[in-house]
1. What GluC sites (Glu not before Pro) in region 392-485 are in a loop by DSSP, with at most 16 other Cβ atoms within 10 Å of the Cβ?
2. Could you give the accessible area per residue of region 236-312, probe 1.4 Å, as a whole number in Å²?
3. What are the lysines whose alpha-carbon lies under 23 Å from the alpha-carbon of Lys160, with same-chain residues fewer than 8 places away excluded?
4. How many nm is it between the label spots at Asn431 and Asn169, if each spot is 7 Å from the Cα in line with the beta carbon?
5. Charges only on Cβ, +1 for Lys and Arg, -1 for Asp and Glu: so what's the dipole of the chain about the Cα centre, in debye to the nearest 20?
6. Would you work out the charge dipole size for region 54-162 about its Cα centre, treating the Cβ of every Lys and Arg as +1 and the Cβ of every Asp and Glu as -1, and quote it to the nearest 20 debye?
7. Where a ≥ b ≥ c are the square roots of the eigenvalues of the C-alpha gyration tensor, would you call region 100-209 rounded, which needs a/c under 1.5, or, failing that, prolate if a/b is larger than b/c, or oblate?
8. Roughly how large, in nm² to one decimal, is the mean projection of the convex hull of the alpha-carbon atoms in region 50-91?
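The values are calculated or read from the model by the stated rules, or taken from the named source; none is laboratory data. Keep in mind that this is a model prediction, so the values were computed, not measured. All Cβ positions, even for glycine, are placed from backbone atoms using ideal geometry, and neighbour counts span all protein chains on display. For the accessible areas, the whole protein counts, side chains as well, though only heavy atoms, and no ligand, DNA or RNA atoms are used. Shrake-Rupley method; radii C 1.70, N 1.55, O 1.52, S 1.80 Å.
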Amino acid sequence: MVTTVILSLSACGGSDSDSNAEGYVKLYNTTKNSPAIYLTIDEDFSTSDDEIEFTYNGVPYGSASNANIVDNGSYFYELAWQDGDSTDSSDLTVVYSDSIKINNDAIQLIVIGEDILAPSVTTYDIDIIDDEDDDTYDRFNFRVLNMHDDSEGIDVYLSKADETFNEANFIGSYSYQELSVNQKFDQDDYIFYITTPGSTEILFQSNDISFSYSSQYIIAIRENNGVGSSPYMLDKMSNSLIESFIDSDSEAKLNAYNAIGKHDLLPDYQGEFSLYLNGIDDSPEIEALSLGVLSQPIELAKGDYSVDLVVGDGNEVLLKNHLLSLGENSHKTAFFYIDEVAVDDDGDGDVDEDGDGNIDEIQLDVHSLVVSNSSRTSIYDHEIKMVNLVDSTEFGAFTIYFVRSDETIESAFYKTAVSFANSELVYLKNNTYQVYVVAQDNSSEIILNAFELILDEESKEQFMVVEVDDTAPTGYKVSLFDQTI
């Protein structure tokens, strides 16, 4: 049965179609180096006055569109990406085009995979399951789709959530781009397992996956683009939703960045700390990390950790028992910084008791800001994650402008405000940008830093960290480094 959803677009008309006959079209993007992919359905791309022409929302890597209603008939379609500011179909860059036939009560699943420079596109005709024989609606339907292009084939097993691999049912063996026949199971929570053909060595084991509706699902297997050692990820697709599942035992990675500047209130700190997890012992996980330096990533088991920062031989502790939570397959960066806080011993809100116009006393707090690293590998656009570590009494936030050659700061299309001790992200297409970090001080706008940023197909996802730097001409610096090392 089709799940009851509000579909994103509905076509009116169509070639060779019955006015009451409708099917569905759905796009699934497994091209890991692609930006969002747009699907356009048209009667005839050579004319501009077609009755039917729809461009659906872009589908990022690892995602799928809704199952969109289209009248039965024959159409042409294009797959494209947005290389400008407009999402009009005529302004998109086409990477693939073909014809497609929409059939009554069926889903045309278009899957784009492999390299965006030479994509592989496959279309699957999937009948809508009629479950009139399931009077209690206590079963669900699913097919397996193998989209792991480097695999020699996979075996898939399924067990209930309270069982193990020993009790699992063998679902089938599947080669690359193979879509299985439909199978039915009772609604429940299940675990999926993946092995190589004929092997019982588990290469992927999901957490519990709930199937609580009598719906029609596709269980798609694709490459794991994260840091865990399992080569597989699993996508559970319904007509309107997609959920991704990673190996339940996947490892995690952690980087640390030292943004703790020297300060009179930290006399023993000389711009270097060591990081310990779950208590101070004989061996730090990250040793002698200098100011302004990003550590190499360390691999850790998933879980929750306490973080301690110490100076020198460990006699002075900068930070104690800060929580660090690392999920499966995650890669995170912990930024450590200081915050000047006015002391209010009597709690009356007055930090200038002597009335001389100055804060009587300040104390330093050491904090951590933990940010998730991107695992994207798009060659046409890139994620820039901006981090604000500027503790200022004059302004609590600044705006970062990414200005192209035909723009000014005032007209810049890409701009993002970032408040202190927070991060924001922006996706930038390949281009040359003049970057301006601008703060508002009363009625004045102040440029804290300005520099050129060049993004091309070789660029990676990046962190952009803004900090105080007394040696810089403006008193502030911006550090850029890749999110993946």
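1. Working: sites: Glu394, Glu407, Glu410, Glu424, Glu445, Glu452, Glu457, Glu458, Glu461, Glu467; in loops: Glu394, Glu407, Glu410, Glu457, Glu458, Glu461.
For GluC sites (Glu not before Pro) across region 392-485 that sit outside H, G, I, E and B with at most 16 neighbouring Cβ atoms in 10 Å, the list reads Glu394, Glu407, Glu410, Glu457, Glu458.
2. On the way: 3480 Å² over 77 residues.
Counting only protein heavy atoms, the per-residue value for region 236-312 is 45 Å².
3. By straight Cα distance, Lys160 reaches Lys184, Lys236.
4. Calculated label separation equals 5.3 nm.
5. Details: 21 positive and 94 negative charges, 294 e Å.
Magnitude of the dipole: close to 1420 debye.
6. Details: 4 positive and 24 negative charges, 45 e Å.
Result for region 54-162 is approximately 220 debye, rounded to the nearest 20.
7. Numbers: a/c = 2.54, a/b = 1.09, b/c = 2.34.
Oblate, because a/c is 1.5 or more while a/b does not exceed b/c.
8. Working: hull surface 15.5 nm².
Its Cα hull, projected and averaged over all orientations, spans 3.9 nm².
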